[in-house]
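Written out below as structure tokens is the structure these notes cover.
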Amino acid sequence: MKSNTAAIAADFSCANQHALATILDASQTQSIIAARDIFDISGTKLWARDLPVSQALQRKLLDRQLREPLESCLKAADGVTAHTLVEAIERLLKQPTPLTALLHAHADTLLREAAKLPVHPVAQLLLTASRSSRPAAYEHAIQAMALNGALMLAQGGKPTDLRIAMLSGLLHDLGEMYIAPEFGEADAERTVDVLTYQQLVVHPHVGQLLIAQLTDYPAEVARAIAEHHERMDGSGYPHCLRGDQLSMHGRLLAVTESTLATLSEPAAPLSRASIALRVVPGEYDLRWVGLITQVVRQQPTATAKRTAEELQERLTKLAEVMHDASTATATLRREATSAALKDALTLTEHLLARLQGGLMTSGLWSIDPVAAPDAAEVEAVEGELRLRLRRIERAVRLRAGLLTDEDARRLDDLCRQLTLRG
């Protein structure tokens, strides 16, 4: 995964076609102009200060290296400000969502702090473009800013940590603007194919580069953005970091991102997010997970959609698939000769063992759902483990990279065993 990240991450000496397209689209409704003259690396003037961006600029930038990054040369004259961030949080607080109780408990402080957040010109440009052309992504950023801040406040964080938390939440997905839109609109954790996943895994690193190279935000913000899809057990991306390799703000942002990803599913209650955060022990920092769980305990219990018999059948099938896949993986790893395939299979064994550990810890391997005190929780755990099983296939294919035809066939056979339908 590291090599894939390095290959795609840009140094901003050339305009990124996807980010530029988003900016141009936003310029149809926003005033986006050149903040200074734009020159290529040889000193040729490409665009004059104060000129609005247009398709003509896009043509002039084609394959041209720039003296300064394009993002530093443009400004959104009527773009996102601290005041509009406050207004966005106020709108969020008025919406009935699973996060309402947590956010309302800290509403005054969140609003007061949002009014003081520094909006760097590069961040303003990209947030403004996102608000206009990618409204769902912008709304996600607002939610992440508010939730990240609320969790920090619930933990008793210092004012400096609160500001870093809110900025990290607000800016964490800006890197998605630099990949093709068909890859950036889906949720990397749940519903994408392997090709899309390969594109999405680089966006945390691109986001880190944006903040570190083009703004003056604290280094902790850039690092948290780089880590927001990492997991403490090493199963995240893009660098498979573990434990203390992750910063406090990175661990917090990972919990916020996963919570919002779960709640993006239709009618998903906060209890579902709590289960997703706990189903595989060791993935997330329990300091932050516990705050979500505390709120869930104060909310009405969800109702299961499936009957007890259906749940028992699905649990049995899930356990069988995990067992059979583990056996097949161990056999294939002993027979494999290529280092790439062995590496992928070692990862498969590790991730399957983590899922089996989650199943064992939950107690569902031996429980009869008819007698279960909370059938909805049983249903949610089973559903989350199925999603994690699907994620293994994508992660393993990424780790394997290019294989010989024979090794690719063997891996295909194994991956078919990781797929549970229905």
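Among the residues of segment 59-66, are any surrounded by fewer than 19 Cβ atoms within 10 Å (Cβ to Cβ), free of Cβ contacts under 8 Å to residues at least 24 places away in the same chain and among the basic types (K, R)?
Looking through segment 59-66, at least one residue is surrounded by fewer than 19 Cβ atoms within 10 Å (Cβ to Cβ), free of Cβ contacts under 8 Å to residues at least 24 places away in the same chain and among the basic types (K, R).
Within segment 235-276, restricting attention to residues that are touching a Pro at 6+ places or on another chain (Cβ under 8 Å) and not hydroxyl-bearing (S, T, Y), which residue is farthest from H140 (Cα to Cα)?
P238
Scan segment 336-352 residue by residue and report those that are open to solvent by 60 Å² or more (accessible area, probe 1.4 Å) and touching a residue at least 12 places away in the same chain (Cβ under 8 Å).
Answer for segment 336-352, where residues must be open to solvent by 60 Å² or more (accessible area, probe 1.4 Å) and touching a residue at least 12 places away in the same chain (Cβ under 8 Å): D343, T346.
Out of T109, T128, T97, which single residue is among the hydroxyl-bearing types (S, T, Y), part of a loop (DSSP other than H, G, I, E, B) and either touching a residue at least 60 places away in the same chain (Cβ under 8 Å) or open to solvent by 30 Å² or more (accessible area, probe 1.4 Å) (or both)?
T97
Scan segment 259-272 and give yes if some residue there is open to solvent by 20 Å² or more (accessible area, probe 1.4 Å), under 27 Å from the mean Cα position of the chain (by Cα) and over 26 Å from E230 (Cα atoms), otherwise no.
yes
Condition first: at pLDDT 80 or above and not basic (K, R). Now tell me which residues in segment 362-392 satisfy that.
The answer is V378, E379, A380, V381, E382, G383, E384, L385, L387, L389, I392.
Suppose we keep only residues that are without any contact (Cβ under 8 Å) to a residue 24 or more places away in the chain and assigned to a helix (DSSP H, G or I) within segment 201-247. Which one would you say is most open to solvent (accessible area, probe 1.4 Å)?
Once the filter is applied, the top-ranked residue is D244.
Tell me which residues, restricted to segment 394-412, are in contact (Cβ under 8 Å) with a residue 12 or more places away in the chain and either open to solvent by 40 Å² or more (accessible area, probe 1.4 Å) or not in a helix (DSSP H, G or I) (or both).
R397, R399, G401, L402, L403, T404, R410
Confirm whether E176 is assigned to a helix (DSSP H, G or I) and modelled with pLDDT under 95.
Yes; evaluated as a whole, the condition is true for this residue.
Any residue at all in segment 79-94 that's touching a Ser or Thr at 6+ places or on another chain (Cβ under 9 Å) and over 30 Å from L270 (Cβ atoms)?
Checked against the condition, which is being touching a Ser or Thr at 6+ places or on another chain (Cβ under 9 Å) and over 30 Å from L270 (Cβ atoms), segment 79-94 yields at least one hit.
So for segment 316-338 (the condition being in a loop (DSSP other than H, G, I, E, B) and either under 17 Å from I392 (Cα atoms) or of a type in the set (D, E, K, R) (or both)), does at least one residue qualify?
No: segment 316-338 contains no residue that is in a loop (DSSP other than H, G, I, E, B) and either under 17 Å from I392 (Cα atoms) or of a type in the set (D, E, K, R) (or both).
The values are calculated or read from the model by the stated rules, or taken from the named source; none is laboratory data. Small disclaimer: the values here were computed from a predicted structure and weren't measured. When we count neighbours, we look across all protein chains shown, and the Cβ atoms used for this are built from the backbone with ideal geometry, even at glycine. To get the accessible areas, we keep the full protein, side chains included, count just its heavy atoms, and leave off ligands, DNA and RNA. Shrake-Rupley method; radii C 1.70, N 1.55, O 1.52, S 1.80 Å.
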